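Take a look at the structure set out below.
The values are calculated or read from the model by the stated rules, or taken from the named source; none is laboratory data. In this text, all values refer to a predicted model and were calculated from it rather than measured experimentally. Cβ placement follows ideal geometry from the backbone for every residue including glycine, while neighbour counts extend to all protein chains displayed. Ligands, DNA and RNA are stripped out before the accessible areas are found, and what is left, the full protein with its side chains, is counted by its heavy atoms. Shrake-Rupley method; radii C 1.70, N 1.55, O 1.52, S 1.80 Å.
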2 protein chains.
Amino acid sequence: MKTKQVEKIRIFSLGGVGEIGKNMYVVELDDDIFVIDAGVMFPEDEMLGIDKVIPDISYLIERQDRIKAIFLTHGHEEHIGAIAYVLKKITAVPVYGTKLTLGLAESILKEQGITNAKLIEIRSDSEILFDKAKVTFFRTIHSIPDSVGISIHTSQGAIVYTSDFKFDQTPYGKNRADLGKMAQIGEQGVLCLLSDSTNAERPGYTGSDTLVAQEIADVIYNANGRVFVACYASNITRIQQVLHAAKMYGRKVAVVGKTLHKVMDIAVRLGYLHLPEKVTISIHDIDRYDDKELIILTTGGHGQPMSALARMAKQVHKQVNIKEGDTVIVAASVMPGYELVFSKTIDALYRAGANVIYRERKVHVSGHACQEELKLMLNLMKPKYFIPVHGEYRMQKAHANLAKAVGISEDRTFLIDKGDVIEFRNGVARPGGKVPYGNILIDGLGIGDVGNIVLRDRRLLSQDGILIVVVTLSKESKKIIAGPEIISRGFVYVRESESLLDEATKIVANIVNKCLQTYMIEWSSLKSNIREALSQFLFEKTKRKPMILPIIMEV
Amino acid sequence: MKTKQVEKIRIFSLGGVGEIGKNMYVVELDDDIFVIDAGVMFPEDEMLGIDKVIPDISYLIERQDRIKAIFLTHGHEEHIGAIAYVLKKITAVPVYGTKLTLGLAESILKEQGITNAKLIEIRSDSEILFDKAKVTFFRTIHSIPDSVGISIHTSQGAIVYTSDFKFDQTPYGKNRADLGKMAQIGEQGVLCLLSDSTNAERPGYTGSDTLVAQEIADVIYNANGRVFVACYASNITRIQQVLHAAKMYGRKVAVVGKTLHKVMDIAVRLGYLHLPEKVTISIHDIDRYDDKELIILTTGGHGQPMSALARMAKQVHKQVNIKEGDTVIVAASVMPGYELVFSKTIDALYRAGANVIYRERKVHVSGHACQEELKLMLNLMKPKYFIPVHGEYRMQKAHANLAKAVGISEDRTFLIDKGDVIEFRNGVARPGGKVPYGNILIDGLGIGDVGNIVLRDRRLLSQDGILIVVVTLSKESKKIIAGPEIISRGFVYVRESESLLDEATKIVANIVNKCLQTYMIEWSSLKSNIREALSQFLFEKTKRKPMILPIIMEV
């Protein structure tokens, strides 16, 4: 069965390039739109108070009748975490994914109250026929099972998106990468490859998960007390390794953490995690066992490994705390921006008396391909054009250099930013303009109601605090009838700065009184006069610049 | 000449253990107090708005008549940066240091208006006699010239503080480590060694500065356009290497950055930096030269290498910006906590079209000893007791493990925290209680006026902003005469949240009116009622917790 001719192909990213996370790629075949992944990103330092970031999908919302499918490549938050937000705006679009991926996506949808999503399960050998494309999949190895790459076969050639992958030649468990299928796709002709740049700066190969399993087992075997293992909640491979080691050495595993419980429940139910008999116990029952019989498996908020550990180390965790003689395996790498939290937690663990296993021994490996593996993927796919995705610009750039090394000339590699369109006609690519893109910030229940101004204010407030001046005026008598009162937060200790604040109060009173004597009182200029005078006065006295907020009440 | 018998020796740290920076160690020989180093620390993430942190020296202030000397071991801010704050409180104490160290300390003192300090220059072969100790020094290799370790010889044995050091067997320039002298001190008997733990987690040896010089020269030789070199302002060795390479390949060096100019001026004046003839030019003259004739040497705020580069990459630097074809050498490692800033800057440089040299090539090495060098120091000194200093707890711990490996039994190693005293009598050590210690935060002109409450407020403000409620009441009529008015910053976009804020206003009005009907109005309970009701309402509606500040004006 043949698909129709495609005149114009457009490929762009709404998230996932120039950054780590919130992956979302769009492939347009003439009028038909295909969306790949819908991920969230966890906020960077400067996004004060923000919980999550998702891609701005206004482009898709306006064209939703043209969207044929959303494909989810694997169950990590960075690839499925925004699916509820997307399906709230874009209804009636089928969502394709493998069993585990859909299981995890469904749990996200349920939390957000979406029950009518059209979820269609695929297997790695599924073929889905659309008007202008046949879509196929290939199994990849990643830190979560049931990960696939996707291939959109069109009349101009295949568009291949690897998603997150690595080539572990001795992977843990039954999963194997579909090397043969990848080679076959490459032989048939790949028009454009989008491949994972996360580790493009790292030479060599990512280590094998099988060696990690041995290392973890070895640490557990040699531990004289309790063993804590901290990992990402979504790292089902790592969890399975711990469960097996527990079985092998007769330890019980207590699981701590809501996300971890949730992910494990789904994975067990769908057959992706094997719970050995009589191995798991409730955390409330750990006192019934000797220390040498226990493993505590834990993760934290957002499924991050360090937050629960930090509380356990500081003896403030509600369920279990670290004590002298514990062994802690940190089976996770540091997320960019979380380095300080990471090392502070390691410190706290040592102080609490634990033996911490984190860097010297290979108790964790990345789920992403390093340079040699990325070159292997490029050589298997032999794409005509190449778009490095997943990663900060420098990682995309490093990936482009690898492509050059294997023979893809620079003019066939596109270092795109979010919204940059690459357009293909007759198998020839050229830049095709820009579509709207952006960050939608999620803070509590608010989606997109925190923007640059609110963030700027939070940043200002965090630096030198705020100083509020309230004064109540009488319109009639043209007099101050209450105040000026000055209140500050996050600026100085009030008790030690009384004279400073007294002087500031006088300055305000003077300005207000002067203004009241004028014929026409302009509130806005009065406010800006107060702001200016106070700002100057306080900077002179303290070299600080608190936010100054004059409030004038009229009676 | 012999020194008097010492009955009791007490050693403790007021800064520099359990952290990186603000080094300050105290050695007490009976009643005589010796202070070693007076450093600052740059603030960690959670210290919002803070500029610098210095040790709390109240212990020393109360006992200043007993202080015999302050020794400065080298010219880095982490070792001399607090000297002005110390000398403001502790006057009339002589400060000893080598020529360059004192030159840099003097410049700090001058900035803070201190001109009457008693600065006494020493050389590495100086011997200073006190009542109960002879103090000698030994040359070490570090990233700034004129670094020394210090040895306090007492009747119970020597107390040796290595300060920052590494063992570069082929160091750049004329400096050599005083290996012979160190061995001699060791032979004579070291009671207690305090040694640098910064790199105690890193195996092997720190690379040689001579190889770095070759690598930098090589990059400069091969560059086709301008070369930017970013380094710490205090890394005089690195600066010298760049100047030599410039001379060798006929390039001019333009220096950008106030701190860099200041440090270079001092180093040149005192003979620690050699300016080859006709190599340096003003940054304003760079247009007169070809790109291939230029090197721009730069640093940033606090002498940190990345901040100026970031502005240059984003095209907002006042003097010079990055353009296509530039080569940027980042001759610095990342400070803990600055990883994100570092990688964002690298990204921005790539985006601006620069070729960035930072990790793949050895254009920088640490100034601190790795594991093999630390063991060498331990073996040279053969101390009876050992106190690992400089570093987070996990680094001290790693250093203790090294000591164990070379034969210093665990019970002779003290993993101290700030304020922990180790006491020696008859050459035998035991824990000796605790002295007061702490962080003094410097924000603008304020020293110590920002404490936990102010920081807590800044943290709260940074998360969800602030919501201010103002209402003016009449005492007589018992009525609201103006307001309630609600103003928020950093919470939500006001324009999109009108109904939310309207509803909040009504809630406040209700509470106030109800309260006004009571016989006795208690302001504090009114305020807490408002706070509680609003907090609950807003959390329900938004899942956010802004700081809520009720202000009641009485007329």
* To do: Could you tell me whether any residue of region B:1-21 is of a type in the set (Asp, Glu) and under 30 Å from B:Pro431 (Cα atoms)?
  => yes
* Structure fact -> Only unsatisfied item for A:Ile295, checking (1) closer than 30 Å to A:Pro276 by Cα; (2) in a loop (DSSP other than H, G, I, E, B); (3) open to solvent by less than 10 Å² (accessible area, probe 1.4 Å), is (2)
* Within region A:528-553, which residues are within 9 Å of chain B (Cβ to nearest Cβ) and surrounded by 15 or more Cβ atoms within 10 Å (Cβ to Cβ)? -> A:Phe539, A:Lys541, A:Thr542, A:Arg544, A:Lys545, A:Met547, A:Leu549, A:Ile551, A:Met553
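Would you point out the residue of region B:495-518, among those that are of a type in the set (Gly, Ala, Ser) and open to solvent by less than 40 Å² (accessible area, probe 1.4 Å), that is nearest to the other protein chains (Cβ to nearest Cβ)?
The residue in question is B:Ser497.
Quick grid of which residues meet (1) within 20 Å of the chain's Cα centre (by Cα); (2) buried (at least 24 other Cβ atoms within 10 Å of the Cβ):
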position: A:Ile11; (1), (2): no, yes
position: A:Tyr25; (1), (2): yes, yes
position: A:Ala38; (1), (2): yes, yes
position: A:Ser58; (1), (2): no, no
position: A:Arg63; (1), (2): no, no
position: A:Ala69; (1), (2): no, no
position: A:Ala82; (1), (2): yes, yes
position: A:Pro94; (1), (2): no, no
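For the condition of a type in the set (S, T, N, Q) and over 27 Å from B:Phe42 (Cβ atoms), what is the one hit in B:Thr299, B:Thr327, B:Thr345, B:Thr259?
Numbers: B:Thr299 fails: over 27 Å from B:Phe42 (Cβ atoms); B:Thr345 fails: over 27 Å from B:Phe42 (Cβ atoms); B:Thr259 fails: over 27 Å from B:Phe42 (Cβ atoms).
Sole residue among the options that is of a type in the set (S, T, N, Q) and over 27 Å from B:Phe42 (Cβ atoms): B:Thr327.
Please list, ordered by residue number, the helices (runs of 4 or more DSSP H) wholly in region B:73-140 having 2 or more residues that are among the β-branched types (Val, Ile, Thr).
Values: elements: B:77-80, B:83-89, B:99-111.
It comes to B:83-89, B:99-111.
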* Give just the number: which of (1) in a loop (DSSP other than H, G, I, E, B); (2) modelled with pLDDT of 80 or more; (3) within 12 Å of chain A (Cβ to nearest Cβ) does B:Val334 not satisfy? => (2)
* Could you give me the residue pairs with C-beta distances under 8 Å whose first residue belongs to region A:263-289 and is closer than 14 Å to A:Gly250 by Cα, whose second residue is part of a loop (DSSP other than H, G, I, E, B) and open to solvent by 60 Å² or more (accessible area, probe 1.4 Å) wherever it lies, and which are 6+ apart or on separate chains? => A:Ile281/A:Tyr289
* Mind listing whichever residues of region B:344-396 are under 26 Å from B:Gly325 (Cα atoms) and open to solvent by 40 Å² or more (accessible area, probe 1.4 Å)? => B:Lys344, B:Arg351, B:Asn355, B:Arg359, B:Glu360, B:Arg361, B:Lys362
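Mind checking which residues of region A:277-291 are surrounded by 14 or more Cβ atoms within 10 Å (Cβ to Cβ) and either of a type outside the set (S, T, N, Q) or at positive phi (or both)? Break it down into steps so the answer makes sense when it comes.
Restricting attention to region A:277-291, the residues satisfying the condition of being surrounded by 14 or more Cβ atoms within 10 Å (Cβ to Cβ) are A:279-281, A:283, A:286, A:289, A:291.
Answer for region A:277-291, where residues must be surrounded by 14 or more Cβ atoms within 10 Å (Cβ to Cβ) and either of a type outside the set (S, T, N, Q) or at positive phi (or both): A:Val279, A:Ile281, A:Ile283, A:Ile286, A:Tyr289, A:Asp291.
Name the single residue, out of those in region B:257-272 being assigned to a helix (DSSP H, G or I) and open to solvent by less than 50 Å² (accessible area, probe 1.4 Å), that is modelled with the lowest pLDDT. If you could, list the steps in order and put the result at the bottom.
Initial filter on region B:257-272 (assigned to a helix (DSSP H, G or I)): B:258-269.
Still in the running and open to solvent by less than 50 Å² (accessible area, probe 1.4 Å): B:259-260, B:263-264, B:266-267.
Numbers: B:Thr259: 86, B:Leu260: 90, B:Val263: 92, B:Met264: 94, B:Ile266: 95, B:Ala267: 94.
Ranking the qualifying residues of region B:257-272, first place goes to B:Thr259.
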* Asked: Just to be sure, is B:Glu77 open to solvent by 10 Å² or more (accessible area, probe 1.4 Å), out of contact with any helix residue (DSSP H, G or I) (no Cβ under 9 Å at 6 or more places or on another chain) and of a type outside the set (Ser, Thr, Tyr)?
  -> no
* **Residue count, region B:141-173 (criterion: under 23 Å from B:Lys384 (Cα atoms), hydrophobic (A, V, I, L, M, F, W, C) and assigned to a loop (DSSP other than H, G, I, E, B))** => 2
* Structure fact -> If we keep only residues of region A:431-480 that are among the acidic types (Asp, Glu) and either assigned to a helix (DSSP H, G or I) or facing another protein chain (nearest Cβ under 10 Å) (or both), then the residue surrounded by the fewest Cβ atoms within 10 Å (Cβ to Cβ) is A:Asp449
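Given the criteria open to solvent by less than 30 Å² (accessible area, probe 1.4 Å) and either more than 30 Å from B:Ala332 (Cα to Cα) or in the same structural domain as B:Phe71 (by TED's automatic domain parsing) (or both), does B:Gly157 qualify? I'd like the intermediate steps shown before the answer.
On the way: open to solvent by less than 30 Å² (accessible area, probe 1.4 Å): yes; either more than 30 Å from B:Ala332 (Cα to Cα) or in the same structural domain as B:Phe71 (by TED's automatic domain parsing) (or both): yes.
In short, yes.
Are any residues in region B:356-390 facing chain A (nearest Cβ under 10 Å) and at pLDDT 90 or above, and if so, which ones?
Kept after step one, since they are facing chain A (nearest Cβ under 10 Å), are these residues of region B:356-390: B:356, B:358-360.
Across region B:356-390, the qualifying residue is only B:Val356.
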* Considering residues of region B:182-219 that are assigned to a helix (DSSP H, G or I) and touching a strand residue (DSSP E or B) at 6+ places or on another chain (Cβ under 7 Å) only, the residue farthest from B:Glu19 (Cα to Cα) -> B:Val219
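Quickly run through region B:313-344 and pick out the residues that are within 21 Å of the chain's Cα centre (by Cα) and closer than 19 Å to B:Gly225 by Cβ. Even if it seems obvious, please write down each step before you answer.
Residues of region B:313-344 within 21 Å of the chain's Cα centre (by Cα): B:330-343.
Within region B:313-344, B:Val330, B:Ala331 qualify.
If you scan region B:513-545, which residues turn out to be of a type in the set (Ser, Thr, Tyr) and outside any helix (DSSP H, G or I)?
Applying the first criterion (of a type in the set (Ser, Thr, Tyr)) to region B:513-545 yields B:518-519, B:524-525, B:528, B:535, B:542.
B:Thr518, B:Tyr519 - these are the residues of region B:513-545 that are of a type in the set (Ser, Thr, Tyr) and outside any helix (DSSP H, G or I).
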* **Residue count for region A:398-419, restricted to those that are more than 21 Å from the chain's Cα centre (by Cα), farther than 26 Å from A:Ala177 by Cα and either open to solvent by 40 Å² or more (accessible area, probe 1.4 Å) or of a type in the set (A, V, I, L, M) (or both)** => 5
